[in-house]
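Written below as structure tokens is the structure these notes are about.
The values are calculated or read from the model by the stated rules, or taken from the named source; none is laboratory data. Bear in mind the structure is a predicted one, so any value in this text is a computation, not a measurement. Note that we place each Cβ from the backbone using ideal geometry, even for glycine, and neighbour counts take in every protein chain shown. These area figures cover heavy atoms from the full protein model, side chains too; ligands, DNA and RNA do not enter into them. Shrake-Rupley method; radii C 1.70, N 1.55, O 1.52, S 1.80 Å.
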Amino acid sequence: MVPGIDFAGTVLESSDDRFSVGQHVVLTGWGVGETHWGGMSEKSRVNADWLVPLPSQLSSEQSMKIGTAGLTAMLCVQALQDAGIKPEDGEILVTGASGGVGSVAITLLSQLGYQAVAVSGRVEENQQWLTSIGASRVIAREELNQPARPLEKQLWAGAIDTTGSTMLAKVLSQIHYGGAVAACGLACGFDLPTTVMPFILRNVSLLGVDSVYAPIEKRQRAWDQISKLLPESFYQQSCKQVSLDEVPQAAVDIVDGKVSGRLVVKI
Ligand SMILES: NC(=O)c1ccc[n+]([C@@H]2O[C@H](COP(=O)([O-])OP(=O)(O)OC[C@H]3O[C@@H](n4cnc5c(N)ncnc54)[C@H](OP(=O)(O)O)[C@@H]3O)[C@@H](O)[C@H]2O)c1
């Protein structure tokens, strides 16, 4: 099995009319690197339905600095926008802020004029960086990973949650009346110890976000918006490059919480 859940590259050969030799493309999800051979290889042969033409503003390298995590962050932001959450409604909480999804979500929200509040287990280490990429403030994970009362003080107009479990339950209990949470991850756990109270008494919406099997129109909309929104500084401040040989150690470092932002594998 070749791992690698996403890749970017140039078409060498195509039996599908939608793609031509020399075209730049990007692929995320569809089980690539999970149930099909993945992106950590010099050449790949994939179903044309899975490819997205690279937006003209982006280089292949930039698209991988965005990657699955960045695309997922954009889908979460779009889910909140589609739910009608506006910058003037109040602060948006982003959990798992130092991670790939969280850090891109903060940058995107801030570019769109939202006040993005970062939740991190590494406040001391990452406060400066999180602020530099657009967080209006940073709060400690300990404030959120406590058991929640069914309803707590209404603090957030919306949230992007990458953690699930106790943290998501706490976030739900603190969302404004009519607010929404886009949930995409399980860094804290896959359970959800909550009650129906936020939904039935505060009209809160819980919006599930999946990037792996997202339909092509949704992907294209997300790639288009993200390619226009991310500032040049994002690619310099939040992304590092590793070689293929460095991948096993990098994977351990990610799980051990030693990595912030995005790692791009140079094949
Ligand atoms: N639905 C989808 O399509 C989709 C797509 C991509 C990713 N995901 C999921 O989204 C989540 C985030 O992905 P990612 O690529 O951003 O991962 P990541 O780079 O590993 O970041 C996860 C972040 O969560 C925080 N964290 C780690 N352990 C935690 C814990 N026990 N409790 C609370 N927070 C914790 C850390 O940030 P701090 O140190 O700042 O707290 C960490 O950097 C993962 O669960 C991933 O599987 C889902």
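Of the listed pairs 43/266; 218/266; 218/240; 65/86, which have alpha-carbon separations greater than 23 Å here?
Numbers: 43/266 13 Å; 218/266 27 Å; 218/240 28 Å; 65/86 27 Å.
Table pairs above 23 Å Cα-Cα are 218/266; 218/240; 65/86.
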- Using packing as a proxy for protection, rank 5-13, 241-249 so that the peptide with the highest average count of other Cβ atoms within 10 Å comes first. 5-13, 241-249
- Message: If packing is taken as the average number of other Cβ atoms within 10 Å across a peptide's residues, how do 92-102, 16-26, 159-169 rank, most packed first?
- Response: 92-102, 159-169, 16-26
- Note on the structure: Relative contact order in percent for segment 145-267 (Cα pairs under 8 Å, 6+ apart) equals 19 percent
- Task: Using only the alpha carbons, work out the radius of gyration and Dmax of segment 58-124 in angstrom.
- Result: 12.2, 36
- Residue-averaged [θ]222 nm for the chain, counting only DSSP H segments that reach four residues, each worth -39500 (n - 2.57): -10000 deg cm²/dmol
- Item | For segment 143-267, fraction of C-alpha pairs farther apart than 19 Å, in % | 63 percent
- Can you tell me the relative contact order of segment 68-208? Whole percent, Cα pairs under 8 Å, sequence separation 6 or more. 23 percent
- So for segment 68-208, what are the equivalent ellipsoid semi-axes in whole Å, largest first, each being the square root of 5 times an eigenvalue of the Cα gyration tensor? 21, 17, 14
- Degrees, to the nearest 10: 123-132 long Cα axis against longest axis of the chain: 70 degrees
- Please state, as a whole number in µm²/s, the translational diffusion coefficient that the Stokes-Einstein equation yields for segment 1-131 at 25 °C and 0.890 mPa s, with Rh defined as the Kirkwood radius across alpha carbon pairs. 149 µm²/s
- Distance between segment 1-30 and segment 137-179 - C-alpha centres, whole angstrom: 39 Å
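Remind me, what semi-axes does segment 118-182 give for its equivalent ellipsoid, largest first in whole Å, using sqrt of 5 times each Cα gyration tensor eigenvalue?
Values: eigenvalues 92, 37, 18 Å².
Rounded to whole Å, the semi-axes are 21, 14, 9.
Got the relative contact order for the chain handy, in percent, Cα pairs under 8 Å and 6 or more residues apart? Please list the in-between numbers first.
Numbers: 538 pairs, mean separation 48.1, N = 267.
This gives 18 percent for the chain.
Would you mind getting the accessible area per residue of the chain, heavy atoms of the protein chains only, 1.4 Å probe, in Å²? Write down the numbers at each step before the final one.
Details: 12970 Å² over 267 residues.
The answer is 49 Å² per residue.
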- Message: Please list log₁₀ I(q)/I(0) at q = 0.12, 0.16 Å⁻¹ for the chain, using the Debye equation with identical point scatterers on the alpha-carbon positions.
- Response: -0.71, -1.20
- Could you tell me how many degrees, from 0 to 90 and to the nearest 10, lie between the Cα long axis of helix 100-111 and the main elongation axis, the longest principal axis, of the Cα atoms of the chain? 70 degrees
